[in-house]
Amino acid sequence: MTDHYAVMGNPIAHSKSPRIHTLFAEQTEQALDYRAIRVDEGSFPQAVSEFRNEGGKGLNITVPFKLEAWQLATELSERARLANAVNTLLLRDDNTLLGDNTDGVGLLADLRDNYQIELKGARILVLGAGGAVRGVLAPLLSANPAAIVVANRTASRAIELAEGFAQLGTISGCGFDQIDERPFDLIINGTSASLQGDVPPIPASAIAKEGWCYDMMYGAEPTAFIQWATEQGATHCADGLGMLVEQAAESFLLWRGVKPATQPIIELLRHELSNS
């Protein structure tokens with residue numbers, strides 16, 4: 001029997017999830033297929049129901065349906081509850097839906113395991129206050145950084161978001177123009193500005209001498225944020241390709257009970273990107 005999985009979103013044609021999960025299945029010798037499904041806005045619950053009726057076992061959810069998936073789930077993991085968003089659904093045989101969010105743990109795995117970044121005691125600046133950032137704050141705080149500052153174009157959104165996680169650690173919010181002068185050990189760009197070739201207006205002084213600049217976006221070429229960081233003298237930069245693979249591996253673990261080795265997949269995708 002071949003089990004069925006998919007990713008739902010809109011747009012979806014660009015998704016690397018089918019490639020990643022097919023590679024995971026080959027590596028772990030799991031009998032499954034995985035496809036991308038474009039869903040029209042307003043028809044997400046129907047699409048999930050149809051997929052379940054076809055024998056579907058699990059779904060990844062991407063923009064713009066992560067909040068709808070959160071609302072649709074009959075049970076939520078703690079990390080999904082905190083994130084207010086679901087990127088992974090487990091379709092159980094008893095018709096219940098377990099909603100999980102693997103984005104934050106995927107980011108953590110990339111930072112710690114693939115780049116050996118020490119998060120404990122670090123000063124971390126996170127740019128943006130949207131769903132991508134909300135999904136990673138609880139896992140980041142669980143690593144016991146000295147402080148996290150969330151900065152956003154609209155300061156009130158950053159402040160409100162930070163207040164929602166204040167019980168988990170030292171976190172505050174501000175506008176881009178209010179970032180304090182002390183440098184940060186790690187700056188994470190959680191905005192989508194890189195997709196438009198833009199960079200959030202933050203001071204170069206925010207980059208610590210041996211600090212890291214990390215963009216949750218990725219591409220064949222360095223993103224706009226990474227280009228900016230390099231021009232400002234950042235010695236360590238990374239994009240979000242590893243995060244994509246790591247969060248997918250967490251989804252795969254939830255569905256199949258086996259954790260794929262991610263490093264070979266990241267290296268293969270990086271090679272494919274550079275030759276695309």
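The values are calculated or read from the model by the stated rules, or taken from the named source; none is laboratory data. Please read all numbers here as calculations on a predicted model, not as lab measurements. Glycine gets a Cβ as well: all are built from the backbone with ideal geometry, and neighbour counts include every protein chain shown. Just the protein is used for accessible areas: all its heavy atoms, side chains included, with ligands, DNA and RNA removed. Shrake-Rupley method; radii C 1.70, N 1.55, O 1.52, S 1.80 Å.
Using R0 = 22 Å, the C-beta based FRET efficiency linking Ser49 and Asp93 works out to 0.90.
Partner lysines whose Cα lies under 28 Å from the Cα of Lys209, excluding those fewer than 8 positions away in the same chain, are identified as Lys120. For region 102-237, what class follows from the C-alpha gyration tensor (a ≥ b ≥ c being the square roots of its eigenvalues): rounded when a/c is under 1.5, otherwise prolate if a/b is larger than b/c, else oblate? Cα axes put region 102-237 in the rounded bin. On the beta carbon distance between Glu210 and Leu67, with R0 = 45 Å, the FRET formula returns roughly 0.75. On full extension, the segment bounded by Glu160 and Asp177 gains 4.4 nm, given 0.36 nm per residue less the C-alpha separation. Helical content alone sets the calculated 222 nm signal of the chain at -10500 deg cm²/dmol, taking -39,500 (n - 2.57) per DSSP H segment of four or more residues and averaging over every residue.
So, with a 1.4 angstrom probe, what is the percent of accessible area on region 102-237 that is carbon and sulfur? Of the solvent-accessible surface of region 102-237, carbon and sulfur hold 48 percent. Note on the chain: dipole from Cβ charges, positive end direction compared against Leu59, Ser15, Asn95; the farthest Cα belongs to Asn95.
Net length available on complete extension from Thr230 to Leu195 is 10.8 nm, with 0.36 nm assigned per residue and the Cα-Cα distance removed. Under 28 Å of direct C-alpha separation, and excluding same-chain neighbours fewer than eight residues apart, Lys66 reaches these lysines: Lys16, Lys57, Lys259. Each Lys or Arg adds one and each Asp or Glu subtracts one; over the other residues with Cβ under 13 Å from the Cβ of Leu241, this totals -4. Taking amide H positions as modeled 1.01 Å from N, with prolines and chain starts lacking one, the residues under 5 Å from Ile171 and 5 or more places away or on another chain are Ile148. Extension gain, Glu75 to Lys259: 0.36 nm times the residue separation minus the Cα-Cα distance gives 64.0 nm.
Label-to-label distance, Glu267 versus His14, with points set 7 angstrom from Cα along the beta-carbon direction: 2.8 nm. Cα centroid separation, region 151-220 to region 77-95: 27 Å. Charge tally around Glu272: other residues with Cβ under 12 Å, Lys/Arg +1 each, Asp/Glu -1 each, net +2. Entry comment: accessible area of the chain is 45 Å² per residue, from protein heavy atoms only and a probe of 1.4 Å. Just the accessible area for Val63, please: 1.4 Å probe, Å², rounded to the nearest 10? The accessible area comes out at roughly 90 Å². Loop-resident GluC sites (Glu not before Pro) (DSSP state other than H, G, I, E or B) in region 28-57 with no more than 11 further Cβ atoms inside 10 Å of their Cβ: Glu29, Glu41, Glu54. Taking all protein chains together, Lys259, Lys209 sort by accessible area into Lys209, Lys259, largest first [probe 1.4 Å]. In the list (i) 17.5, 54; (ii) 18.5, 59; (iii) 20.4, 71, the label attached to Rg and Dmax of the Cα atoms in Å as derived from the coordinates here is (ii).
Accessible area ranking (1.4 Å probe, heavy atoms, ligands and nucleic acids excluded), largest first, for Met216, Met1, Met8: Met1, Met216, Met8.
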